[in-house]
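Student: Handing you a structure now.
The values are calculated or read from the model by the stated rules, or taken from the named source; none is laboratory data. Predicted, not measured: the structure shown is a model, and the values here were computed from it. Cβ placement follows ideal geometry from the backbone for every residue including glycine, while neighbour counts extend to all protein chains displayed. Calculation scope for accessible area: heavy atoms of the full protein, side chains included, ligands and nucleic acids excluded. Shrake-Rupley method; radii C 1.70, N 1.55, O 1.52, S 1.80 Å.
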Amino acid sequence: MKRFLAVTLGILTAIGGFVDIGDLVANSETGARFGMRLAWVVVVGVIGICLYAEMSGRVAAVSGRPVFDLVRERLGARVALANLAGSYLVTLLTLSAEIGGVALAIELATSVHYLLWVPIAAFVLWVVLWKVKFEPMERVFGLAGLALVVFVVALIALDPPWAQLGQQVTSPVPPATEDWGTYGFFAVALFAAAMTPYEVFFFSSGGVEEKWTSRDLAISRVNVFVGFPLGGVLSLAVMGCAAVVYEPLQAQVDTLGQTALPVAMALGKLGLVVVILGFFAATFGAALETGLSAGYTVAQYFGWQWGKLVRPRQAARFHTVVLISVLLGVALLLTTADPIAITEYSLVFSAVALPLTYLPILIVANDRDYLGDEVNSPLTNVLGVTYLVIILVAAIAAVPLMILTGMGS
Amino acid sequence: MLISLGAVLLALVLLGVWPTTSGQFRSTVESSVQDAVSSVGTARTTGQTALRGNTFGAYESTVLDDTRKSVATAITDVVESEVPDQDSRRLRDEVLPLLQESARLIGDLGTGLDSDDRGLASSATDGLAEVGERLTAALEGLR
């Protein structure tokens with residue numbers, strides 16, 4: 001049991017990274033419009049995030065310090081500031097979307113408009129961030145997020161035409177109803193969703209919060225290689241459910257209610273209750289991750305005391321940044337900006353900010369002063385550089401594709 | 001610098017007041033019909049699932065409310081667009097009744113499910129299937 005619970009950090013990070021509000025709707029919309037023709041992007045994303053999360057976890061376990069802390073020390077204040085600016089803004093947008101996602105999940109269960117739930121959800125989020133210790137927080141929300149496994153069960157219960165889905169997986173071209181522009185836009189958005197910057201900052205800071213040392217490298221790797229692929233499988237199941245139900249109807253998906261419908265069709269009321277609980281846990285977990293990541297990056301850049309290992313009074317500036325970030329997220333939602341649209345924009349800007357996040361990690365993971373013999377192997381470096389090229393292509397293509405396709409519409 | 005700024009502002013003003021072309025009108029109609037196809041398909045599937053007892057009231061209400069708003073926006077977009085020529089007028093007259101019918105049927109489905117009137121909900125679901133087919137045919141014609 002203890003060994004199982006040791007992977008909850010990876011599960012929470014991966015569920016936040018792969019099936020948060022943006023991914024739930026983006027995967028569903030992709031499934032509805034492209035079937036499984038973009039499934040390969042999820043696989044590429046899972047390998048990429050595993051590669052870089054492993055580096056971040058190794059850096060945290062060996063040096064006892066989180067990645068962002070070392071980025072500033074190793075690359076200087078200016079480079080770290082560019083990294084901070086890019087990742088903080090993306091994290092803030094994502095935090096806002098996640099709070100909206102929590103409210104949308106509650107709306108599905110109550111039919112009370114989500115905007116009325118936003119301040120309540122944000123208050124509860126802040127209380128959890130302030131009061132609850134790191135380990136119970138990651139365990140409760142990481143494990144509750146596993147309720148989304150219901151998508152895998154629903155996909156099997158829907159008895160889909162497996163041969164047709166398999167054929168779509170192996171033919172990575174847009175269907176007749178779409179063009180290469182929208183196909184490219186959704187590919188970049190899905191890739192950015194898998195590689196969102198806050199995941200590596202949260203994962204490495206979480207490792208420090210859990211007091212990982214060199215002896216915990218195995219735990220760090222198990223977290224990476226169990227958590228993230230699990231997130232990828234859930235992503236593909238969401239996509240598959242939408243492909244089976246919505247693609248034949250030529251319907252597009254842009255609400256959380258539509259995302260849940262295939263589960264209700266396959267598994268009835270109980271499935272619907274479980275999926276809504278999963279939505280709540282996944283979005284709340286992602287809101288916790290992004291709220292903490294906002295505080296981690298700013299506090300680590302300025303060298304402040306940070307984290308949940310110390311009392312809030314001892315990390316007052318860290319908690320102030322977290323509180324201000326939550327308030328900014330709520331303020332953005334209360335302008336009535338659509339949480340789903342906020343997520344879509346955050347995914348595009350996330351793609352643009354990706355090189356700022358991942359290049360410094362690759363540099364730090366090759367520094368013997370911090371990692372000694374645990375620096376990257378030549379194979380890891382080859383893969384790391386290959387992924388940096390992919391990340392760069394995605395970053396360059398993101399904004400032009402967004403403009404050309406009108407956000408993929 | 002001032003001249004460039006003026007040119008950009010002038011371009012923006014011109015873009016705002018430039019008359020709608022038939023291509024732009026067609027694109028607005030296509031986007032509205034696509035939204036209606038999505039909403040009708042979702043509402044119909046929700047209705048069928050609800051009639052089998054596989055959902056609950058709050059969920060049905062939220063999903064149908066979203067679909068109703070989406071169809072209402074689609075109707076508004078078509079109605080508010082300037083009609084540039086005779087062909088566009090014909091297109092509007094072909095599509096608008098389908099959009100209105102969709103809105104009516106989604107409303108009926110919501111009322112039927114809210115008031116536990118299975119007959120009303122069932123006939124609205126059947127109606128949505130039929131109007132969905134006509135909307136899909138219209139969409140394919142527009143592509």
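Student: What dipole magnitude, in Debye to the nearest 20, does the protein assembly as shown give about its Cα centre under +1 on Lys/Arg Cβ and -1 on Asp/Glu Cβ? Mind dumping the intermediate values first?
Tutor: On the way: 33 positive and 47 negative charges, 396 e Å.
The calculation lands at about 1900 debye.
Student: Now for a separate question. Enumerate by residue number the trypsin sites (Lys or Arg not before Pro) in the stretch B:37-120 meeting two conditions: DSSP loop (anything except H, G, I, E, B), and at most 13 other Cβ atoms within 10 Å of the site's Cβ.
Tutor: Here the trypsin sites (Lys or Arg not before Pro) that fit, given the DSSP loop and packing criteria, are B:R52.
Student: Which whole-number value in Å² is the accessible area per residue of the stretch A:245-298, probe 1.4 Å?
Tutor: 22
Student: Sort out the exposed loop trypsin sites (Lys or Arg not before Pro) in chain A (DSSP loop, at most 16 other Cβ within 10 Å) and tell me the longest stretch that has none.
Tutor: Numbers: sites that count: A:K133, A:K211.
Here the longest segment lacking exposed loop sites spans A:212-409.
Student: So what's chain B giving for Rg/Rh, alpha carbon basis, Kirkwood Rh from the mean inverse pair distance?
Tutor: Numbers: Rg = 19.3 Å, Rh = 16.6 Å.
Checking Rg against Rh, the ratio lands at 1.16.
Student: Probe radius 1.4 Å, ligands and nucleic acids left out: can you give me the accessible area buried at the B-A interface, summed over both chains, in Å² to the nearest hundred? Can you show the working numbers first?
Tutor: Working: alone 8410 and 15900 Å², together 22340 Å².
Interface between B and A: roughly 2000 Å².
Student: Cα-based Rg of the stretch A:268-409 per 2.2 N^0.38 Å, rounded to two decimals?
Tutor: Working: Rg = 19.4 Å, N = 142, 2.2 N^0.38 = 14.5 Å.
Relative to the rule-of-thumb radius for its length, the stretch A:268-409 sits at 1.34.
Student: Let's see if you can work this out: charge +1 on each Lys and Arg Cβ, -1 on each Asp and Glu Cβ, no other charges. What is the dipole magnitude of the stretch A:37-140 about its Cα centre, in debye to the nearest 20?
Tutor: 280
Student: Can you list the aspartates and glutamates whose alpha carbon is less than 20 Å from that of B:K69, not counting same-chain residues fewer than 8 positions off?
Tutor: A:E29, A:E107, A:D254, A:D338, B:E30, B:D35, B:E60, B:D77, B:E80, B:E101, B:D108, B:D114
Student: Taking the Cα centre of chain B as origin, sum charge times position over the Cβ atoms of Lys and Arg (+1) and Asp and Glu (-1), and report the length of that vector in debye to the nearest 20. Please report the intermediate quantities before stating the final value.
Tutor: Values: 12 positive and 21 negative charges, 46 e Å.
Result for chain B is approximately 220 debye, rounded to the nearest 20.
Student: From the Cα gyration tensor of the stretch A:184-286, with a ≥ b ≥ c the square roots of its eigenvalues, which class applies: rounded if a/c is under 1.5, or else prolate if a/b is larger than b/c, or else oblate?
Tutor: Working: a/c = 2.67, a/b = 1.87, b/c = 1.43.
Prolate is the answer for the stretch A:184-286, as a/c is 1.5 or above and a/b outweighs b/c.
Student: Projecting each Cα onto the charge dipole of the protein assembly as shown (Lys/Arg +1, Asp/Glu -1 at the beta carbon, about the Cα centre), which of B:V131, B:G47, A:V127 comes out farthest on the positive side?
Tutor: The residue sitting most towards the positive pole is A:V127.
Student: List the residues of the stretch A:235-261 for which accessible area in the full set of protein chains is at least 40 Å² lower than for the chain on its own; 1.4 Å probe, protein heavy atoms only.
Tutor: At a threshold of 40 Å² (probe 1.4 Å), the residues of the stretch A:235-261 that become less exposed are A:L249, A:Q250, A:Q252, A:L261.
Student: Hey, another quick one. Sequence gap of 8 or more, or different chains, plus Cα separation below 21 Å: how many lysine pairs satisfy both in chain A?
Tutor: Lysine pairs, 8 or more places apart or on different chains, close enough: 7.
Student: Let me ask something else about it. Projecting each Cα onto the charge dipole of the stretch A:2-405 (Lys/Arg +1, Asp/Glu -1 at the beta carbon, about the Cα centre), which of A:P136, A:W180, A:V275 comes out farthest on the positive side?
Tutor: Of the options given, the answer is A:P136.
Student: Which helices pass in chain A if a helix is a full DSSP H run, must span at least 24 angstrom along its long axis by Cα, and must have mean Kyte-Doolittle hydropathy not below 1.6? Spell out each step's value before the answer.
Tutor: Details: long enough: A:39-63 (36 Å, 1.63); A:67-110 (50 Å, 1.08); A:114-131 (25 Å, 1.86); A:217-245 (42 Å, 1.84); A:256-302 (51 Å, 1.28); A:316-334 (27 Å, 2.15); A:339-364 (35 Å, 1.69); A:378-405 (39 Å, 2.16).
Those that clear 24 Å and a mean of 1.6 are A:39-63, A:114-131, A:217-245, A:316-334, A:339-364, A:378-405.
Student: For the stretch B:56-86, state which residues have at least 30 Å² less accessible area in the presence of all protein chains than in their chain by itself, taking the probe as 1.4 Å and leaving out ligands, DNA and RNA.
Tutor: Residues passing the criterion (a loss of at least 30 Å², heavy atoms only) are B:F56, B:A58, B:Y59, B:T62, B:D66.
Student: Short version: which residues of the stretch A:106-148 lose at least 10 Å² of accessible area, all chains versus chain alone, 1.4 Å probe?
Tutor: Residues losing area: A:E107, A:L108, A:A109, A:S111, A:H113.
Student: What part of the accessible area of the stretch B:25-142, given as a whole %, is carbon or sulfur when the probe is 1.4 angstrom? Write out the running numbers ahead of the final one.
Tutor: Working: 2210 of 5080 Å².
C and S atoms contribute 44 percent here.
Student: Rolling a 1.4 angstrom probe over the protein heavy atoms, how many square angstrom per residue are accessible across the stretch A:77-127? List each step's numbers first, then the result.
Tutor: Details: 1910 Å² over 51 residues.
Counting only protein heavy atoms, the per-residue value for the stretch A:77-127 is 38 Å².
Student: Also: Any idea what diffusion coefficient the stretch A:82-172 gets from Stokes-Einstein, in µm²/s, Kirkwood Rh on alpha carbon pairs, 4 °C, 1.567 mPa s?
Tutor: On the way: Rh = 16.6 Å.
Taking Rh from Cα pairs, D becomes 78 µm²/s.
Student: Between A:T386 and A:A218, how high is the FRET efficiency from 1/(1 + (r/R0)^6) when r is the Cβ-Cβ distance and R₀ = 35 Å? Nearest 0.05.
Tutor: Working: r = 26 Å, r/R0 = 0.73.
Efficiency computed from Cβ-Cβ geometry: 0.85.
Student: State, as an integer percentage, the relative contact order of chain A based on alpha-carbon contacts under 8 Å between residues 6 or more apart.
Tutor: Details: 710 pairs, mean separation 155.7, N = 409.
Reported as a whole number, the value is 38 percent.
Student: So for chain A, what are the equivalent ellipsoid semi-axes in whole Å, largest first, each being the square root of 5 times an eigenvalue of the Cα gyration tensor?
Tutor: Working: eigenvalues 195, 116, 81 Å².
Three semi-axes, in Å: 31, 24, 20.
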